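Structure first, then comments.
The values are calculated or read from the model by the stated rules, or taken from the named source; none is laboratory data. It should be emphasised that the depicted structure is a prediction, and the values quoted were computed from it without experimental measurement. For neighbour counting, all protein chains shown are included, and Cβ atoms are generated from backbone atoms with ideal geometry for every residue, glycine included.
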Amino acid sequence: MTIQANNNLGVKIAGCGFFVPERKLNNLDLEKMVDTSDEWILQRTGIKERYLAAEGVGSSDLAVHSSLQAIKSAGIRNEDVDLIIVATVTPDYPVPSCANLLQDKIGATRAGAFDLNAGCSGFAYGLMTGSQFIINGSYKNVLVVGVDLLSRITDFTDRNTCVLLGDGAGSVILQRDEGESGPLAFTLGSDGGKYDNIIVPAGGSLHPASITSLENKSHYVRMDGRAVFEFAVNKTAKVIQEVLQQAAIDIEHIDYFLLHQANLRILEGVSRKLKIPWSKILVNIDRYGNTSAASLPILLTEAVNEGKIKKGQLLLFAGFGAGLSWGVTIWRW
Ligand code: UT7
C-alpha cells in the first residue's frame, strides 16, 4: 500500500558509505568459467565487472567497512548508534543475525540489532523501517545497511545467474532533521505468489540442508530471468507512478532516480515507460553487477561522494526483487 509519510519529525541521511571486496571478476574471466561471452553479458545486462569476496569473509566484514564510513561521515561515535538494521539474504550464519555480528565488530555497544530479508528490495525496506524510529522520536541514530555476498549462493556453473551477481555493502546513518528532509511518500509491496521466481530452494525449514540438496545444488539461487525482468520493468514503473501521485509530485520534479541495479535494460525500460530523462537515472551496474540489498546504498554513496546530490533535492529510491517484493520512496535530501 502506498502511504504519505507523517513528517512531523524530519529524517535525514546524515552519513553514508560503501565497500566492495578486492577481487574483481570481469566478463572475460567468466568466459573461461561458463559458456558465455563478454558481448552477450554487456548487451543483455550492461555489466562489465563485479567484485567477489575472498574465502573466510562474511557479510558482516563488508558491512563493517561501509558502516564505519557512514558513522564517520555522520560525525558520530560508534557507541552513539541506537539501532542497527541489516538488509541481507546472505547473513554470515543462519543464526545469529548479521546485525548482531556487526554490532559487536564496530563496538556499537548501546545498539539493538536485527536483520531484514526482503531480497533486492531490502535496503528500501530498511530505509523505511529505520525512518519510523526517527519519525516517532524513539531513536537518534539508526544505522541501515544493505549487504550481500551473492557469490556465496551462486552456482558458478549456471550462466543464467553467475554473470549477473556481485558482492558489496552500503550503509547509511539516519538522524532526526529539524528541516524538511525525509520520505514524502512510500510503498512497500509483496507478491508472495511468485515466491519461486527467485529462490534458494534448500537450507530453510522446509527443505533443510541434506546430501540430496547438495547433490541437486539446491542451496544455490535459482531465477526465472524473463519473468523477473518483466515484473521489474512493469511493477517498478507502476509503483513509481503511484508513489508520485500520493506525494502529489510531478515526475519531472524528481532530481535523481536510484533504481535497483539488476540489469541496464530494466533501467532503460523504466526510463522509456515513464519518459524519465536518462541523465536523471543513476547507473553503476557496469562496475558492480547486481549486489542485491547493497545496490541502492552503493549508488547513493557514489552520487553523494561525487557531489551530485544537493540539499533540498528530491530522490526516488526503488528496490525490487525476491519475494517478489518492491519498495519505493520519494525522499527529500
Ligand atoms: O535483482 C532482481 C533479480 N534479478 C533480475 O532482475 C534479473 C532479471 N532478468 C534479467 O536481467 C534477464 O532476464 C537475464 C539477463 C537474466 C537474461 O536475459 P534475457 O534477455 O531475458 O535472456 P533469456 O533468458 O531470454 O535468454 C536468451 C538466450 C537463451 O538462449 P536461447 O534459448 O535463445 O538459445 C539463453 O540460454 O540467451 C541464453 N543465455 C546466455 N547466453 C550467453 C542465458 N544466459 C546466458 C549467458 N551467456 N550468460
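Some observations on this one:
- Residues that are within 16 Å of the ligand (Cβ to nearest atom), within 20 Å of residue 90 (Cβ to Cβ) and either acidic (Asp, Glu) or at pLDDT 95 or above (or both) do occur in the stretch 139-147, at least one of them.
- Selection from the stretch 279-305 of residues that are of a type in the set (S, T, N, Q), assigned to a helix (DSSP H, G or I) and within 21 Å of residue 25 (Cα to Cα): 292, 295
- Residue count for the stretch 267-283, restricted to those that are surrounded by fewer than 24 Cβ atoms within 10 Å (Cβ to Cβ) and within 14 Å of the ligand (Cβ to nearest atom): 3.
Matching residues to (1) surrounded by 13 or more Cβ atoms within 10 Å (Cβ to Cβ); (2) closer than 30 Å to residue 311 by Cα:
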position: 169; (1), (2): yes, yes
position: 173; (1), (2): yes, yes
position: 193; (1), (2): no, no
position: 203; (1), (2): yes, no
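- None of 63, 74 is at pLDDT 95 or above, of a type in the set (A, V, I, L, M, F, W, C), away from the ligand (no atom under 16 Å from the Cβ) and within 21 Å of residue 292 (Cβ to Cβ) except 63.
- Of the residues making up the stretch 247-266, those that are away from the ligand (no atom under 16 Å from the Cβ), modelled with pLDDT of 95 or more and in a helix (DSSP H, G or I) number 3.
- Scoring residue 42 on the criteria (1) away from the ligand (no atom under 16 Å from the Cβ); (2) closer than 27 Å to residue 326 by Cα; (3) outside any strand (DSSP E or B); (4) aliphatic (A, V, I, L, M) leaves a single failure, condition (1).
- The single condition among (1) part of a strand (DSSP E or B); (2) surrounded by fewer than 17 Cβ atoms within 10 Å (Cβ to Cβ); (3) touching a residue at least 60 places away in the same chain (Cβ under 8 Å) that residue 86 does not meet is (2).
- Qualifying residues in the stretch 61-83 (those that are under 12 Å from residue 171 (Cα atoms) and of a type in the set (Gly, Ala, Ser)) - the one surrounded by the most Cβ atoms within 10 Å (Cβ to Cβ): 67
- Residue within the stretch 272-284 that is on the phi < 0 side of the Ramachandran plot, touching a His at 6+ places or on another chain (Cβ under 7 Å) and of a type outside the set (Gly, Ala, Ser) present: no
- Consider the stretch 312-333 and keep the residues that are part of a loop (DSSP other than H, G, I, E, B) and touching a residue at least 60 places away in the same chain (Cβ under 8 Å). The one that is nearest to residue 184 (Cα to Cα) is 333.
- Among the conditions (1) away from the ligand (no atom under 14 Å from the Cβ); (2) of a type outside the set (Asp, Glu); (3) closer than 28 Å to residue 160 by Cβ; (4) free of Cβ contacts under 8 Å to residues at least 12 places away in the same chain, residue 28 misses just one, which is (1).
- Every condition in (1) outside any loop (DSSP other than H, G, I, E, B); (2) more than 17 Å from residue 317 (Cβ to Cβ); (3) more than 16 Å from the ligand (Cβ to nearest atom); (4) touching a helix residue (DSSP H, G or I) at 6+ places or on another chain (Cβ under 9 Å) is met by residue 229 except one, and the failing one is (3).
- In the condition set (1) away from the ligand (no atom under 12 Å from the Cβ); (2) under 18 Å from the mean Cα position of the chain (by Cα); (3) farther than 30 Å from residue 39 by Cβ, residue 153 is compliant with all but (3).
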